[in-house]
Amino acid sequence: MMTPTELPALFTPVSPGVPASAAGAQARRAQLNREAVLSATPVRLLTLLYDRLMLDLDRTEAAQVGENWPLASENLLHAQAIVDELTTSLNVAAWDGAEGLLAVYTYVSNALVGANIHRDVTRTRESIVLLEPLRQAWHEAAAALPAPQTAPSAEGYRGVA
C-alpha cells in the first residue's frame, strides 16, 4: 500500500515530451491534483482511483487501436499500479464481497499484463467491461453516504458533545 505522500503519483497525467511553455501549467495542475488527493476522504480517493484507472484504460485502448505501443504500454503500466493499489488497500475481512472483488482485481491485473505483453486490445476492452460497473457502483455508494461534517456543530464534532 502506498503512503499518503506517494498516492498523488497515481493521479499524475501521462504526458511525455511536454513543451516548456506548457510545463508551468502542468506543474500547477499537478500541485492541485496532489492537494486534492491528500485532502480527500477515503471514499473520494477510491472513486478518484477508479476514475483515473478508467481514463488510463480508455487511453490504452485508443493507443492500441492506433498501434501507438509506447503510449499504450505507459498507460497500461499506470493502470496496473492503480489496480495494485486497489488490491493492497482492500480489507478482505471487512465485508463478504471482498474476496470476490479481490479475485476481479487479480484477474484484471493479469489481463493488463497480458494486454501489454501481447499488445492485445481485447484484454484491455475486457478489463474496461469488468471495471466500469464497479466504478459506477462505488460512485453510487459514495453519493449515498452522508456528507462528512467538517466543523463542530452545536452538538459537538460529529454529534459528540
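The values are calculated or read from the model by the stated rules, or taken from the named source; none is laboratory data. Here the structure is a predicted model, which means the values were calculated and not measured. Using ideal geometry, Cβ is built from the backbone for each residue, glycine included, and neighbour counts are taken over all protein chains shown. Note: areas computed on protein heavy atoms with side chains; ligands, DNA, RNA excluded. Shrake-Rupley method; radii C 1.70, N 1.55, O 1.52, S 1.80 Å.
So the values come out like this:
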read-out	value
Flag if Ala81 is small (Gly, Ala, Ser), closer than 20 Å to Ala40 by Cα and at pLDDT 95 or above	yes
From Asp84, Asp51, Asp58, Asp96, residue being among the charged types (D, E, K, R), open to solvent by 40 Å² or more (accessible area, probe 1.4 Å) and outside any helix (DSSP H, G or I)	Asp96
Extreme residue, nearest to Pro146 (Cα to Cα), among residues of the stretch 1-28 that are modelled with pLDDT of 75 or more and exposed (fewer than 14 other Cβ atoms within 10 Å of the Cβ)	Arg28
Selection count, the stretch 114-140, where residues are in contact (Cβ under 8 Å) with a residue 60 or more places away in the chain and open to solvent by less than 60 Å² (accessible area, probe 1.4 Å)	9
Some residue of the stretch 80-96 being charged (D, E, K, R) and farther than 23 Å from Gln136 by Cβ	no
Scope the stretch 91-137; condition of a type in the set (Phe, Trp, Tyr) and at pLDDT below 95; matching residues	Trp95
Of all residues making up the stretch 37-48, the number that are at pLDDT 75 or above and either surrounded by 14 or more Cβ atoms within 10 Å (Cβ to Cβ) or in contact with a helix residue (DSSP H, G or I) (Cβ under 6 Å, 6 or more places away or on another chain) (or both)	7
